[in-house]
Amino acid sequence: MRVLLLALSAASTVSWAQRGIDDLPIIEQSRVVAAGERVVIHERHLRVDPAFLQLAEEAYRRIDALTGRGAAVAALGPKVHIYLADIRGPSHVWRGYDHPSDPKAIIFLNRRAYEGAMRGDNATYAHELAHLFTWRYSSHTLREGIADYLALEIRPGAAVGPNPPGFESSPVADAVTPYIGTRLPPPPQVTSDPDFRRAYYGASYRFVTFLVARGGMETFLKLYDSSDPEGEYAKLYGAERAELVREALR
């Protein structure tokens, strides 16, 4: 643990300050609850049932089976470390949206995500785990959409992140659609406006679900891996992005 903390402390803290994320205290103050083949569970100021490890291990296996990308996670570290803690903000991977700049197999889950996972009505834990399988990305909305898609394959109908159960059918605000499936970075409203955040994540999920249904996971991952996804839609799906978005979100 000390070696890990020293390595993390050596990383640049500029991006953390920009995002308001500094999770080192959680790591420093946590204790190990349980360890499995792929996952280690830690707790900080939150009593965690060791049975949560089984949920995390099963989610790992399911996401690997759906994507075939277990090697991407293994490259980040021998095991995924999940910290369940009394954090006020949203659950997230190491360094949040800036994870690709310093990728590590580390996840932080808040009380709501943990308790919902144990009840069976919240799949945020699987969403965050999915990010480790798809941590290289060009489109932020495709990133969030595939994470929700995989989470809801594991827990159909569950709440995920900012969205409640059944959010898939919610109307999509016009202000969100220009971002869907593009390389545009997430706008400030994603972290400052709860309604926009819910719509942004919900539309991302619906678009990815539409694309996977239309072309399969293998085709979607080709799009996801592209450095220029906007230039790939017509080739992979036979239509431009704007047309696909309209059809997916209508």
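The values are calculated or read from the model by the stated rules, or taken from the named source; none is laboratory data. Predicted, not measured: the structure shown is a model, and the values here were computed from it. Neighbour counts run over all protein chains shown; Cβ positions are idealised from the backbone, glycine included. For accessibility, only protein heavy atoms count, side chains too; no ligands or nucleic acids. Shrake-Rupley method; radii C 1.70, N 1.55, O 1.52, S 1.80 Å.
Quick rundown of the values:
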quantity	calculated
Counted residues, the stretch 37-52 - those being out of contact with any His (no Cβ under 6 Å at 6 or more places or on another chain) and either within 18 Å of Phe133 (Cα to Cα) or in a strand (DSSP E or B) (or both)	7
Near pairs, Cβ below 8 angstrom, 6+ apart or cross-chain, from the stretch 43-55 (touching a residue at least 40 places away in the same chain (Cβ under 8 Å)) to any residue that is surrounded by fewer than 18 Cβ atoms within 10 Å (Cβ to Cβ) and among the charged types (D, E, K, R)	Glu43/Arg31; Arg44/Arg31; Arg44/Asp86; His45/Asp86; Leu46/Asp86; Leu46/Arg111
Residue match in the stretch 52-69 (condition: touching a strand residue (DSSP E or B) at 6+ places or on another chain (Cβ under 7 Å) and open to solvent by 20 Å² or more (accessible area, probe 1.4 Å))	yes
Hey, Ala173 in a loop (DSSP other than H, G, I, E, B), modelled with pLDDT under 95, farther than 23 Å from Asp121 by Cβ and not aromatic (Phe, Trp, Tyr) or not	yes
Any chance Glu218 is at pLDDT below 95 and either assigned to a helix (DSSP H, G or I) or over 18 Å from Arg112 (Cβ atoms) (or both)	no
Single residue of the stretch 95-110 satisfying the filter (more than 16 Å from Ala56 (Cβ to Cβ) and touching a residue at least 40 places away in the same chain (Cβ under 8 Å)) that is most open to solvent (accessible area, probe 1.4 Å)	Ser101
Matching residues, the stretch 184-194, being open to solvent by 20 Å² or more (accessible area, probe 1.4 Å) and not in a loop (DSSP other than H, G, I, E, B)	Gln189, Thr191, Ser192, Pro194
Residue check, Pro162 touching a Lys or Arg at 6+ places or on another chain (Cβ under 8 Å), on the phi < 0 side of the Ramachandran plot and open to solvent by 10 Å² or more (accessible area, probe 1.4 Å)	yes
Residue among Gly116, Gly77 that alone is in contact (Cβ under 8 Å) with a residue 12 or more places away in the chain, more than 16 Å from the chain's Cα centre (by Cα) and part of a helix (DSSP H, G or I)	Gly116
From Arg214, Arg197, Arg136, residue being crowded, with 16+ Cβ neighbours inside 10 Å, closer than 27 Å to Ala105 by Cα and basic (Lys, Arg)	Arg197
Which numbered condition Thr209 misses (of (1) closer than 15 Å to Arg241 by Cα; (2) open to solvent by 50 Å² or more (accessible area, probe 1.4 Å))	(2)
Count of residues meeting criterion [open to solvent by less than 40 Å² (accessible area, probe 1.4 Å), outside any loop (DSSP other than H, G, I, E, B) and not aromatic (Phe, Trp, Tyr)] in the stretch 221-250	7
Any hit, the stretch 170-183, residues being open to solvent by 10 Å² or more (accessible area, probe 1.4 Å), touching a helix residue (DSSP H, G or I) at 6+ places or on another chain (Cβ under 8 Å) and acidic (Asp, Glu)	no
All positions within the stretch 1-23 that are out of contact with any Asp or Glu (no Cβ under 7 Å at 6 or more places or on another chain) and either small (Gly, Ala, Ser) or modelled with pLDDT of 95 or more (or both)	Ala7, Ser9, Ala10, Ser12, Ala17, Gly20
